[in-house]
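The values are calculated or read from the model by the stated rules, or taken from the named source; none is laboratory data. Source: prediction; values computed, not measured. Ideal geometry is used to build each Cβ from the backbone, glycine not excepted, and the neighbour counts take in all protein chains shown. Each accessible area value is taken on the protein alone, full model and side chains, heavy atoms only, with ligands, DNA and RNA left out. Shrake-Rupley method; radii C 1.70, N 1.55, O 1.52, S 1.80 Å.
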Amino acid sequence: MAVASEETTNICSHCDRAIPSLNIDLHFAHCSRNLEKCKLCGDMVPKKHAEEHFLNTHAPVACSLCSETMEREVLAIHKGEICPQRIVTCEFCEFPLPAIDLAEHQEVCGNRTELCHLCSRYIRLRERYNHESRCTGVSDNIVGSSRDVRAAERAPGAPRRQPHDYSSRRRLFFTIAITGIAVILGSLLFQRKTGNNQVH
């Protein structure tokens, strides 16, 4: 039994697709009347949807975070990896903040110290991971800080004073601020009341 030869094809001059030779004339008439090639991406799109295709695919859009204008197809990458206003977290305190402020924040945050419970030394947060990997658990008074020396001189069994808790400090400042506001408001109300009594 003879094997049927493959059907010959021609390339449509409008859409550049290979079309069976027998259908090329009919295809070209339909293709050139109804489709057009996008000048930006080369896709064939229906002529009646060409403007919609441009707006949905290629029209510049503004980033909702930083207002920079860019092509729609790169917007997701911009928002996730490049935008200076995208929210990132500090590696030391996990506080969320805009990426543009991260370096300055971490410069300060990384210089805060925490007590190493193995060697009883205060270690900068930026050095914590390196310290933990080589900490022997022995207090080194020769190179230690004055805090370490005082800790070593303290009587055995004496309770260790914990470092100031950042959140308790914030609560203290908040309480002071609220008290100050209450005093000011009370003073203003008292002045108004005495002023009204003098008018009568």
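Our estimate of slack between Arg192 and Asn34, defined as 0.36 nm per intervening residue step minus the Cα-Cα distance, is 48.9 nm.
With a Förster radius of 45 Å applied to the C-beta separation of Glu52 and Asp101, the computed FRET efficiency comes to 0.70.
In percent, how large is the relative contact order of segment 30-113, given Cα pairs closer than 8 Å and 6 or more residues apart? Don't jump to the answer; show the numbers that get you there.
Values: 86 pairs, mean separation 11.9, N = 84.
Relative contact order comes out at 14 percent.
What's the FRET efficiency of Glu81 with Val138 using the Cβ-Cβ distance as r and R₀ = 30 Å, to the nearest 0.05?
Details: r = 44 Å, r/R0 = 1.45.
The value I calculate is 0.10.
Remark: the Arg112-Arg170 segment gains 19.3 nm on full extension, using 0.36 nm per residue and subtracting the alpha carbon distance. Estimated from the Cβ-Cβ distance and a Förster radius of 45 angstrom, the FRET efficiency linking Leu22 and Arg72 is about 0.65. Over segment 1-122, accessible surface divided per residue gives 72 Å², non-protein components excluded, 1.4 Å probe.
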